[in-house]
1. Where in region 8-105 are there chymotrypsin sites (Phe, Trp or Tyr not before Pro) that are in a DSSP coil and have at most 12 other Cβ atoms within 10 angstrom of their Cβ?
2. Taking the structure as given and computing semi-axes √(5λ) of the Cα gyration tensor in Å, which label from (i) 40, 21, 12; (ii) 37, 19, 14; (iii) 26, 26, 14 fits?
3. Mind giving me the FRET efficiency for Phe155 and Asn116? R0 is 25 Å, r the Cβ-Cβ distance, nearest 0.05 is fine.
4. Not counting the cut sites, what is the longest span of the chain without trypsin sites (Lys or Arg not before Pro) that DSSP labels loop and that have at most 15 other Cβ atoms within 10 Å?
5. Just subtract the alpha-carbon distance of Met69 and Leu33 from 0.36 nm times their residue separation and send over the number in nm, one decimal.
6. With θ set to phi - 60°, apply the Karplus curve 6.51 cos²θ - 1.76 cosθ + 1.60 along region 101-106 and write out the HN-Hα couplings as whole Hz, x wherever there is a Gly or Pro.
7. State to the nearest 20 debye the size of the charge dipole of the chain about its Cα centre, where the only charges are +1 on K and R beta carbons and -1 on D and E beta carbons.
8. Please compute the contact order of the chain in relative form: average sequence separation of alpha-carbon pairs under 8 Å and at least six residues apart, divided by the residue count, as a percent.
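Every number here is computed from the coordinates shown, using simple stated rules; none is lab data. Keep in mind the model is a prediction, meaning the values are calculated, not measured. Backbone-built Cβ (ideal geometry, glycine too); neighbour counts: all protein chains shown.
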Amino acid sequence: MQNNSNSSRLWQKLKPAIAVLGSLIILIWLTELADGLIFNGSLDQYGIRPRTVSGLYGILWAPFLHGGMGHVMANTMPILILGGLIFLSRGIKDFLLAFIIILLVSGLGTWLIGQNGSVHIGASGLVFGFFGFLLMMAWYDRRVLNVAVAALVIFFYGSIIWGIIPRGNGISWQSHFFGLIGGGLAAYWLVHRRQPQETPEIEEDGILRITENDLW
């Protein structure tokens, strides 16, 4: 019965993750397929154009626009894995709040300091944001689950940190950098907006009672 209960709770967490992340990935893929097959790549012009009024709209559209299917495939698995880890460890509400903060910080930062005449597209800002969120969540809220998740993220995706370094290769390091900043800000805000937890009470027998929530 305990195994069935645990499986049921896990499935309840997985369902919204599959629905939200699956919809996001499907939309990204369909947009890029339509851009390539129908619009001949012309949709890319709606990305982030630094310091232009029209370029502000790109903050919303850029994550769904990519420079080809190879670009889409490079972002698909990190979004699913890192986003899924946020879902499983924090839940749908925190995921959506983190998503919005990362989207806005990554986009606005890129809009402010991006090179004149450039157009920034792609969901890599979200990838770096999810990465930064999971790492900083472990820093701000050092529960076992958060630390374990951060360790896994560093092991499998730690090398992406080099993507925030300007290399002049046409890759938007600005979206990477500000995505990382956005993830850290989201983690800070979500941890510090919570009400202080009550001090665990000591029972009459003198034993400190620690609940599952105190660990996870």
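1. Passing both the DSSP loop test and the Cβ count: Phe39.
2. (ii)
3. Efficiency at R0 = 25 Å is approximately 0.05.
4. Working: sites that count: Arg51, Arg142, Arg143, Arg167, Arg193, Arg194, Arg209.
The segment 52-141 is the longest one with no such site.
5. Net length gain for the segment: 12.2 nm.
6. Once θ is set to phi - 60°, the couplings for region 101-106 become 4, 4, 4, 6, 5, 4 Hz.
7. Working: 13 positive and 12 negative charges, 110 e Å.
Dipole size: approximately 520 debye.
8. On the way: 308 pairs, mean separation 46.9, N = 216.
Relative contact order of the chain: 22 percent.
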